[in-house]
Structures are given as structure tokens and as C-alpha cells.
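Please treat every number below as a calculation from the coordinates, not as lab data. The structure presented is a predicted model; accordingly, all values stated were derived computationally and were not measured. Neighbour counts are summed over all protein chains in view; Cβ atoms, including those assigned to glycine, are modelled from backbone coordinates with ideal geometry.
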Amino acid sequence: MREIRVTTPLMPALNDYVHKLQTIWENNWLTNNGPMVLELQRALMERMGCAVELFVNGHMALDIAIKALELHGEVITTPFTFASTIHALVLNGCTPVFCDIKPTDYTIDENQIESLITDKTTAILPVHVYGCPCNIEQIEEIAVKHHLKVLYDAAHAFDVTVNGKNIASFGDISMFSFHATKVFNTVEGGALTFRENRTIAERVQRLRNFGIASEEIVDYIGLNAKMNEMAGAMGLCNLPLMEQALACRKQITERYVEVLQEQDGIRTLDYAEMHRRGITYNYAYMPIEIDAELAGYSRDELCEALHTNGIGARKYFYPLAPEYDCYRGRFAEAEIPVARRASERILTLPLAASMRAEDVERVCGVIKNMRR
Ligand SMILES: *Cc1c(COP(=O)(O)O)cnc(C)c1O
């Protein structure tokens, strides 16, 4: 039985990549703002309609955004995210304050943010989880009213737009991941995006390169987080494939939804509601929520059955960040019942641009057979 992986990376034709490698050899330039990386940066600025700075990966980009915005004290964030979001805060000396999420799209519940603000709060770090946009307008209002910074973890949200505007330009800074498993990849890579701002641009550029301003001036305690030319070349090869890749993801998602909406106790994202909110979605993940009482089987039982059949489903995000072993007993008990429930019920199904129609049917077949 052939294995169906939860995700497979977007890969260009090998010849296209080899062609770019030839140029790299001719340039004889491998890293430190090389021509490939600069070309990718320009292309992404055009696509996203804002300033873009490129990084070795999304996590380092997030780390540097936290440093550039000088976040400290308490930062209000979501427990329903990947480890990276919370680790980046903690490793920068910030205390994450966990706000519950909404049961519909799993993003931070904007109506609960204000009640968590204290005199130590310096920022809000929401996540556009699964590529679903947070309530950007209301978060902006809260931030302005309380003089807080807004840093979006947009790792999942490449090419998502809200009312025709790319999601990259909201908040003070947004972070994107170009990891192999993400919608758009540079093998490993990441970006920070923001509305044109000289101060932020200069800070993130220096923090990315050991804090070096010029040959004799080092004015930040920086890191090494630069994107290299091989990664830049991969990005340039993959970028023209995005329209086609998104169309494939959409088609696969629609087939999943068609089958799964007939199944008792299974809920998918509300794509029609996103459409009503003026969102163009990127079909980054295929999360489903299983209500064991209605379905007759639990999330864990379905996950087991899929694995037994060679299908790589993932409990993404279980456990919640505050429940990781490394954080046990470290944070104040958070009121996050919705996140807890989602975490117990959620499963992400295989989804990739290259996924075959017959594989979608195989996954759906296992789910249909769960009914007793
Ligand atoms: C992938 C991811 C990151 C980290 O990005 P890398 O490029 O893998 O370092 C951060 N936050 C979220 C929500 C992610 O999914």
C-alpha cells in the first residue's frame, strides 16, 4: 500500500532549478544579499504590495521581529499554534498570555483580548492559523487604543487576501514561513513583511547579519539569519507555479468537503463564510473537527485508522503550547476552553498541490468506513 503523506513539498522541474544553479555558479556568489535573493525579494514585494525582508527560516524571522519591535513583558497570543510562536516569545524574555480562540476558524478571539491587557502588555501576536485571517480590523482598533504592537504569525497565510489586499501588509510586522511543508517554499526560508518603514527595515537587516551596520559599526546584538542563494533560486522557481498549485489545492479541498459534509459529526472550515468576509483563501491545510458523539468514533480512533491505512493525518495542534512538557507549571492557568476542545477534536488530512484525485478518494473511503 502506497503511503499518502500529510504533505509533500511543491517542487519545480529539476531543469529549471539546474538552470538557476548555473547562474549561481556564474555569479560565484552564495549568500549575503546575492542576486537570487534580491530578485526573489523584489518579486515578493510586488506580489504582496509591501516591504519584504528574507530570512533563513520563518522562526528566525519571528525572533528578529520580536527584537526589532522591542517586545517585552506580556504578549497576548494564541495557544492554538505551532511551537515556534511561543518559543520565540519565551526565548526573547516575553511572557505569553494565552487568549482563547474562536470555534469557527480557530483564530484568536478578538473579543477576549482586551480583558487580558495589563500594564505589562506590550503587544499582540495573533496567528492566521491554517491560513484563516484573524479579525484584522478589530485587532488593529484594540492595538491603537492600548498602544500595543501587533506582530502576525502569518506562516500559513501566503497569498491570502482580505478585500483584495494581501494579508502581508497588516499589523506592524507579519512573518511568513517558506518551509518545505508550507504552501510556498524555498526549501527552508522565511520573510518579514511590513508597510514601508525605514526604521524597521534597517533594524531587521542588521539583526539578520550579526547586528553589523557597516565595516566598523556593530550596533545590535544580532544573529545570522540570512537567506542563501540556493534557497532564493528555489523560491524563484516555485513562485510562477503558485497559481496552478493553489488551484489544485482548492480542487482537492472541494472534493474533501463534498464527501465529508455527508458524514455525521465531521466539520470542515466554513469556506462560504470566508468568501462572505471578502477573503481569498490559500487552502493551506485540510483541518477537520470530529464530534465523537455524533460521529460514533473519536478523533484518535480516526487518526489510528488513517495511519493503519498508510495515510499521514496529523493532530495539528495537539497538545496546546501551554501543555508542552517544557512549559509545565510555567504560565498562569489560562481560560482557554475553546482551544482545548478544538485540540482534542482536530485532525489535518493530507493536502498538497501534487495530491492525486484517487488519493483523496482513498482518504475519504477510510473516513466513510468508520461509520458503524
Ligand atoms: C512553520 C511555522 C513556523 C516556523 O516557520 P519555519 O520556517 O519552519 O521556521 C512558525 N509558526 C507557525 C504557525 C508555523 O506553522
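Numbers at a glance
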{"quantity": "From the options TYR324, TYR281, residue that is crowded, with 17+ Cβ neighbours inside 10 Å, hydroxyl-bearing (Ser, Thr, Tyr) and touching a residue at least 12 places away in the same chain (Cβ under 8 Å)", "calculated": "TYR281"}
{"quantity": "Residue within the range 178-194 that is without any contact (Cβ under 8 Å) to a residue 24 or more places away in the chain and more than 16 Å from the ligand (Cβ to nearest atom) present", "calculated": "no"}
{"quantity": "Hits in the range 47-84 - residues which are more than 8 Å from the ligand (Cβ to nearest atom) and among the β-branched types (Val, Ile, Thr)", "calculated": "VAL52, VAL56, ILE64, ILE66, VAL75, ILE76, THR77, THR78"}
{"quantity": "Residues of the range 45-59 that turn out to be out of contact with any Asp or Glu (no Cβ under 6 Å at 6 or more places or on another chain) and either among the polar types (S, T, N, Q) or surrounded by 24 or more Cβ atoms within 10 Å (Cβ to Cβ) (or both), as a count", "calculated": "4"}
{"quantity": "Evaluation of GLU114 against (1) touching a residue at least 60 places away in the same chain (Cβ under 8 Å); (2) under 23 Å from VAL338 (Cα atoms); (3) in a helix (DSSP H, G or I); (4) over 18 Å from the mean Cα position of the chain (by Cα) (one fails), failing number", "calculated": "(1)"}
{"quantity": "Filter result (under 16 Å from the mean Cα position of the chain (by Cα) and outside any strand (DSSP E or B)) within the range 120-130", "calculated": "PRO126, HIS128, VAL129, TYR130"}
{"quantity": "Some residue of the range 284-299 being of a type in the set (Gly, Ala, Ser), within 30 Å of ALA168 (Cβ to Cβ) and touching a residue at least 40 places away in the same chain (Cβ under 8 Å)", "calculated": "yes"}
{"quantity": "The one condition in (1) free of Cβ contacts under 8 Å to residues at least 12 places away in the same chain; (2) of a type in the set (Val, Ile, Thr); (3) under 25 Å from ASN224 (Cβ atoms) that THR85 fails to fulfil", "calculated": "(1)"}
{"quantity": "Matching residues, the range 150-166, being within 16 Å of ILE108 (Cα to Cα) and either more than 8 Å from the ligand (Cβ to nearest atom) or in contact with an Asp or Glu (Cβ under 6 Å, 6 or more places away or on another chain) (or both)", "calculated": "VAL150, LEU151, TYR152, ALA154, ALA157"}
{"quantity": "Residue within the range 24-45 that is outside any helix (DSSP H, G or I), within 15 Å of the ligand (Cβ to nearest atom) and not polar (S, T, N, Q) present", "calculated": "no"}
